[in-house]
Amino acid sequence: MRVVKKRKFKEAFQLWWLIRLLKLFFLMEQHLLKIKHINYPKGQFIMSMWHRHQCLTYGIKDKNKFFALISASNDGEIIAEAAKVLNIQSIRGSSGRRGVAASLELIEKLKEGNSAAIMVDGPKGPMCKVKDGIVNIAKLTGVPIIPAYWTSKDKTFFTFNTWDKFQVPIGFCRSVAIYGEPVFIPENITKEEMQAKCIEIEKSMKKLETDLNENYEKYLKS
């Protein structure tokens with residue numbers, strides 16, 4: 001029993017330090033990261049993002065009316081707690097843990113007029129495959145889905161060797177975020193049509209990736 005308590009205390013202490021270090025990093029990085037937005041959405045929206053692009057939430061323009069759905073894991077706790085210094089609000093949950101409660105909470109926030117971001121291939125993949133959670137939430141709220149893609153060609157934009165190839169700017173970094181056309185989900189959509197919408201969103205995000213890679217310099221200077 002003593003070993004278990006010691007281990008729990010050690011894990012909690014490590015978590016406490018990681019959160020504070022990440023908060024410090026976020027506070028510094030918000031002054032060093034420059035994001036050029038292309039076709040940033042107007043009005044209320046649900047942003048469809050890849051799990052590796054979580055740091056794109058740095059660039060959200062109206063954080064007071066925005067919520068990010070972040071997993072209920074320890075990694076998610078570190079990110080969610082640290083993101084508070086940037087006024088990024090979060091709802092904790094994923095398909096594996098607290099999923100239903102998180103979805104209901106997010107639906108309530110959207111019905112109140114807020115916007116949201118969902119990492120559509122999280123929390124464990126497969127990488128760059130859209131799951132149907134975002135489609136179901138859009139169906140129940142009537143809020144359009146906006147596909148998004150983000151990248152940088154600066155050397156300070158690092159890609160980690162994780163399942164999702166997580167990307168994070170470290171130090172001064174110029175980047176470009178591009179947003180697609182809204183995808184509306186009808187209230188009476190069938191299961192088969194929901195899967196088709198997932199494919200449509202996935203194709204839109206891959207199209208944005210191609211567009212951004214081909215026109216990156218032009219967008220950066222625009």
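Assorted remarks:
- Counting the residues of the range 87-110 that are at pLDDT 90 or above and either among the β-branched types (V, I, T) or in contact with a Ser or Thr (Cβ under 6 Å, 6 or more places away or on another chain) (or both) gives 2.
- Only one entry in V135, V130 is crowded, with 16+ Cβ neighbours inside 10 Å, at pLDDT 85 or above and assigned to a loop (DSSP other than H, G, I, E, B), namely V130.
- All positions within the range 133-158 that are touching a residue at least 60 places away in the same chain (Cβ under 8 Å) and within 14 Å of W50 (Cα to Cα): I134, I145, I146, P147, A148, Y149, W150, T151
- Here I201, I178 are screened, and the one residue that is part of a helix (DSSP H, G or I), crowded, with 17+ Cβ neighbours inside 10 Å and within 16 Å of the chain's Cα centre (by Cα) is I201.
- Output for the range 47-73, where each listed residue is in a strand (DSSP E or B) and within 18 Å of N87 (Cα to Cα): M47, F66, F67, A68, L69, I70
- Verdict on L212 being in contact with a Lys or Arg (Cβ under 6 Å, 6 or more places away or on another chain), in a helix (DSSP H, G or I), closer than 30 Å to F25 by Cα and not polar (S, T, N, Q): no
- If the condition is being open to solvent by 60 Å² or more (accessible area, probe 1.4 Å) and in contact (Cβ under 8 Å) with a residue 60 or more places away in the chain, then the range 187-198 contributes only Q195.
- Just one of the listed residues (K65, K23, K84, K6) is modelled with pLDDT of 90 or more and open to solvent by 20 Å² or more (accessible area, probe 1.4 Å), namely K65.
- Look at the range 89-111: where a residue is under 23 Å from K61 (Cβ atoms) and a partner is modelled with pLDDT under 80, sitting 6+ places away or on another chain with Cβ atoms under 7 Å, you get S90/I70; S90/A80; S90/A83.
- For K34, the conditions (1) more than 17 Å from the chain's Cα centre (by Cα); (2) open to solvent by less than 20 Å² (accessible area, probe 1.4 Å); (3) not hydroxyl-bearing (S, T, Y) are fulfilled apart from (2).
- Remark: pairs (first residue in the range 205-222, modelled with pLDDT of 95 or more and open to solvent by less than 90 Å² (accessible area, probe 1.4 Å); second residue in a helix (DSSP H, G or I) and of a type outside the set (A, V, I, L, M); Cβ separation under 8 Å; 6+ apart in sequence or on different chains) = L212/Y219.
- The residue that is least open to solvent (accessible area, probe 1.4 Å), counting only those in the range 138-157 that are assigned to a loop (DSSP other than H, G, I, E, B) and within 26 Å of N188 (Cα to Cα), is V143.
- Test for V100: is it farther than 20 Å from K206 by Cα and either of a type outside the set (S, T, Y) or surrounded by fewer than 21 Cβ atoms within 10 Å (Cβ to Cβ) (or both): yes
- On the stretch given as the range 111-126, residues that are modelled with pLDDT under 95 and surrounded by fewer than 16 Cβ atoms within 10 Å (Cβ to Cβ) total 3.
The values are calculated or read from the model by the stated rules, or taken from the named source; none is laboratory data. Bear in mind that the values here come from a model prediction, so they are computed numbers and not experimental data. Ideal geometry is used to build each Cβ from the backbone, glycine not excepted, and the neighbour counts take in all protein chains shown. The protein model used for the area step is the full one, side chains on, heavy atoms only, and it has no ligands, DNA or RNA in it. Shrake-Rupley method; radii C 1.70, N 1.55, O 1.52, S 1.80 Å.
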